[in-house]
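Notes follow once the structure below has been shown.
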């Protein structure tokens, strides 16, 4: 709900929680399992008229830097990124999003399931109107429309 995802499909939410809650105690990880099962609902608002999903992706080095900054504790995982690097990543994403907004549809930032919750939390403070979704949330029949691959060199 925090990210604007409808939870009207309570059956899917309940079934997913029942399937994973005995083995997964981290609420963020449980959320990712629920999101992967609700993929069609998550992506539907962002599809263009011809059914494509306009996406921004991160260069492997950028996604790797984010993943390396995730710290695991007994109470869950959190992002422990050096502030200067975080600022450069945010600027790069903002610049790519500004260009992408000139086209049709609302672009989404596509990441790995491991990075998605942490990046979504970081960006919610700086680029709150950019949906962050993972590859696990995209149904197989959805056509992807790549708008940009974001590296740190994109920062202004």
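Every number in this text was worked out from the coordinates using simple rules, so none of it is lab data. It should be emphasised that the depicted structure is a prediction, and the values quoted were computed from it without experimental measurement. We place every Cβ from the backbone using ideal geometry, glycine too, and count neighbours over all the protein chains shown.
Structural remarks
- Which label in (i) 36, 22, 10; (ii) 39, 18, 12; (iii) 25, 22, 12 gives the computed semi-axes √(5λ) of the Cα gyration tensor in Å: (iii)
- The chain: calculated mean residue ellipticity at 222 nm from DSSP helix runs of at least 4, using -39500 (n - 2.57): -12500 deg cm²/dmol
- Peptide ranges 43-50, 131-138, 119-126 listed from the most packed, as the mean C-beta count within 10 angstrom indicates: 131-138, 119-126, 43-50
- DSSP-defined antiparallel bridges as percent of all bridges, region 10-154, nearest 5: 25
- Taking a quarter of the surface of the Cα convex hull of region 75-131 gives a mean projected area of 4.3 nm².
- Contact order normalised by residue count of the chain, Cα under 8 Å, 6+ apart, percent: 33
- Length added when fully stretched, residue 67-residue 10, from 0.36 nm per residue minus Cα-Cα: 17.4 nm
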